[in-house]
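> Just passing along the structure, written as structure tokens.
The values are calculated or read from the model by the stated rules, or taken from the named source; none is laboratory data. Note that this is a predicted model, so its numbers are computed, not measured. Reconstructed Cβ throughout: ideal geometry from the backbone, glycine too, with neighbour counts over all protein chains shown. SASA here: full protein model, heavy atoms, side chains in, ligands and nucleic acids out. Shrake-Rupley method; radii C 1.70, N 1.55, O 1.52, S 1.80 Å.
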Amino acid sequence: MFTILTQAFRRTAQNWPVVLGVFFINFALGLIIAFPSFSILRAESQQSLAFEKLVGGFDFTVFYDFMHKNGKSLTPLLPISLGLSLLYSILNVLFAGGIISQFALRNPFRLGAFLQNSWQYFLRFLGVFLLQIFCLIIILIASALLFSLFDSVAKGSTEPTFAAWMILPMAFAFFYITYVLNVGDYARILLFRDELLNPIQAFWKAIEYVFRNLKAMQVYWAVMVLSLILSLIYLLIESRIGMTSGFKIILMFVVQQAFIFGRIFIRIWQLSNAFDFVSLRPIPLTPKTIIIEHKITEETIQEPKTDEKQNIDTKLSE
């Protein structure tokens, strides 16, 4: 497992232009919603101290009062936020093809080739993404039913007992949500390696593959732990710095972008882990059907003249 993690990390670091390109696209999408949100908050606060409190540090009471009085002013931002979230998801699906192609080809990064490879696999990868969404919805419904069932069983018990009853549904939700997310990465790798597979076949093969090789889940969880540690470090830095002055706001903005870059790096690292895992434990490719074409050649066969026929021809000539 450690070998896969280090090798995949090294490959991701070597492809830093890809990470940087995805980061700048995320940065641009963030600015589209950040400036309108800031302007609306500033205007609706009417230069009051409530806005300064919201900027300086999170206060739920101030936030609740502001949303109660001025929440309707943020309504126009909801469609924009939903649209950008959808665009962000589609772009991640699009770029996956270019990222995996970059891993396989090991050529110097060229934006034109990257976009071409991204588009080549987009529709097939989009099918995997939709299958993931479908499976996640089913898992969330099943988890909600489990939470409801265990909640009714543990009702009236002490807090430690109630928490103990909730361990099983929480473990169920955590395992299968991360399982489906990991299966999606392996399905994309299979689609890249096997052109004869369709998204449904690749997704099903990835489900079987990850289930037979549960070490793939250990690799996925190990990177998840690192991502969680990164988030905790960010929260610690944010609590220490705060945003009580212009300089600290700028400093926190730089720190935020650095951590966003780190999350993008981790996401591409996860895809690289799946690429390396399949390389070490390959899946047999779909056998190709070979069609043999038979060519029928028409040949004109000339009959050789027999001795008797030659004599007849000689006599006629005489």
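Per-residue answers, yes or no, for (1) of a type outside the set (D, E, K, R); (2) buried (at least 16 other Cβ atoms within 10 Å of the Cβ); (3) over 29 Å from Ala104 (Cα atoms):
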| residue | (1), (2), (3) |
| --- | --- |
| Leu232 | yes, no, yes |
| Phe253 | yes, no, yes |
| Arg267 | no, yes, no |
| Gln270 | yes, yes, no |
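Condition check ((1) out of contact with any Pro (no Cβ under 6 Å at 6 or more places or on another chain); (2) surrounded by 15 or more Cβ atoms within 10 Å (Cβ to Cβ); (3) assigned to a helix (DSSP H, G or I); (4) not aromatic (Phe, Trp, Tyr)) across all residues:
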residue	(1), (2), (3), (4)
Leu94	yes, yes, yes, yes
Gly127	no, yes, yes, yes
Ile138	yes, no, yes, yes
Leu149	yes, no, yes, yes
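> Which numbered condition in (1) under 25 Å from Ser101 (Cα atoms); (2) modelled with pLDDT under 90; (3) part of a helix (DSSP H, G or I); (4) of a type in the set (Asp, Glu) is the only one that Glu195 fails?
The failed condition is (3).
> Applying the selection to the stretch 270-284, what residues are among the charged types (D, E, K, R) and over 17 Å from the mean Cα position of the chain (by Cα)?
Arg281
> On to the next question. Taking the stretch 255-265 as the region of interest, how many residues are in contact with a Phe, Trp or Tyr (Cβ under 6 Å, 6 or more places away or on another chain) and open to solvent by 60 Å² or more (accessible area, probe 1.4 Å)? Working first, answer last.
At the first step, the residues of the stretch 255-265 found to be in contact with a Phe, Trp or Tyr (Cβ under 6 Å, 6 or more places away or on another chain) are 259, 261, 264.
From what is left, the residues that are open to solvent by 60 Å² or more (accessible area, probe 1.4 Å) are 261.
Total meeting the criteria: 1.
> If you go through the stretch 6-21 one residue at a time, do you hit one that is modelled with pLDDT of 65 or more and part of a loop (DSSP other than H, G, I, E, B)?
There is at least one residue in the stretch 6-21 that is modelled with pLDDT of 65 or more and part of a loop (DSSP other than H, G, I, E, B).
> Quick one: would you say Leu251 is out of contact with any strand residue (DSSP E or B) (no Cβ under 8 Å at 6 or more places or on another chain), assigned to a helix (DSSP H, G or I), on the phi < 0 side of the Ramachandran plot and not small (Gly, Ala, Ser)?
Answer is yes for this residue.
> In addition: Return the residues of the stretch 103-123 that are in contact (Cβ under 8 Å) with a residue 24 or more places away in the chain, open to solvent by less than 50 Å² (accessible area, probe 1.4 Å), in a helix (DSSP H, G or I) and not aliphatic (A, V, I, L, M); say none if nothing qualifies.
Passing the criteria: Phe103, Phe114, Ser118, Phe122.
> From the list Phe172, Phe192, Phe203, Phe211, exactly one residue is over 15 Å from the mean Cα position of the chain (by Cα) and in contact (Cβ under 8 Å) with a residue 24 or more places away in the chain. Which is it?
Checking each option against the conditions leaves just Phe172.
> Of these, Trp165, Trp204, Trp221, which one is open to solvent by 20 Å² or more (accessible area, probe 1.4 Å) and modelled with pLDDT under 90? Break it down stepwise before answering.
Numbers: Trp204 fails: modelled with pLDDT under 90; Trp221 fails: modelled with pLDDT under 90.
None of the other options fit; the residue is Trp165.
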